[in-house]
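Asker: Provided herewith is a single structure, encoded as structure tokens, for subsequent inquiry.
Please treat every number below as a calculation from the coordinates, not as lab data. Since we're looking at a predicted model, the values are computed, not measured. Positions of Cβ are generated from backbone atoms using ideal geometry, with glycine treated the same way; all protein chains shown enter the neighbour counts.
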């Protein structure tokens, strides 16, 4: 009787995941990990296909600023991105082999590629969606960076420390540029609406279709339609965002991160494979890390084309146009970059929970200091972007006329 009860209890413990000593058995925990790797690879390929669709659409329509339609910053993209960085945020899974270590680096680089590709989509977002998407992206970026730093400290990432450090810096710079570019979106939209109204009124006066004496002929009609098309095209918020100095700078950072990944892959497989000191053995992800590395490398290669093209186009236009403005005018930071921050600085805050005079004054002083710091950062970002772009304001005007 007692033996039967003990046997029944033993079977119940095994059914609940316990071993013969009554401890939790973890022998089956790692079996699904290869299929999780397949899931990560599939998510990376889907993102790569979406970026390829935008790239193909831009070449087909001769819109070389590559507007975001299939791949933009939204909840779907952020969900896919959270899946794609699964390997880089894995803290305790042993990943000793060459493809294991490279897959962590490729996941980190993939974050830079996603941010650079989705930056033009900030132009057509409303303020509430813009804020929510940036907060979600910020949480994901900070989580990824912190986990990479932890793994560098614990030794889970034991090769490519310089590459990881560089990509971390590029990721943080990209997110800062993305955030401060989003701050200018409301002011830019107001400016474009005003510009559109003025251009529309001017086009109505110049267009013979609205005059009493109308010219005939297909060529005249085509010319009038081209005026309206160019007016609507250049006043598009997404076009202006894609041709801004900060967006072209993000293209340079994206290109630099892709070069970093390429350098690590070349060193691992062709140049110095024996000197890097990879450990033996396989991770719990097994063969799926090779799929993740391959899919993310392809997605990074595809996703780098559009951001890098924006930067190369801006630099080439500046070099070919010559010095049409003085250096001071080219590096001047326009007022719309800090208009939203300046408006918030001038408007008093309503701290309903603070009743004391000193506490209210302290809160206002802190708010002004924070906004002053943000304005200084915005000036620094735009100024550095203009230097990197090779001539800022002159390039923007030339680009607008060219496209």
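Asker: For the range 68-157, place one equal point scatterer on every Cα, skip the solvent, and apply the Debye formula. What is log10 of I(q)/I(0) at q = 0.15, 0.16, 0.18, 0.21 Å⁻¹?
Answerer: Treating every Cα as an identical point scatterer, log10 I(q)/I(0) equals -0.59, -0.66, -0.78, -0.96.
Asker: Would you mind giving the average projected area, over all directions, of the Cα convex hull of the range 64-113 in nm² with one decimal? Don't skip to the end; give the middle numbers.
Answerer: Details: hull surface 18.3 nm².
It is 4.6 nm².
Asker: I would also like to ask the following. Suppose R0 equals 45 Å. What FRET efficiency, 1/(1 + (r/R0)^6) with r the Cβ-Cβ distance, do residue 139 and residue 364 give to the nearest 0.05?
Answerer: Numbers: r = 29 Å, r/R0 = 0.64.
Plugging the Cβ-Cβ distance into 1/(1 + (r/R0)^6) gives 0.95.
Asker: Between residue 56 and residue 336, what is the label-to-label distance in nm when each label sits 7 Å out along the Cα-to-Cβ direction?
Answerer: Each label point is offset 7 Å from its Cα along the Cβ direction, giving 3.4 nm.
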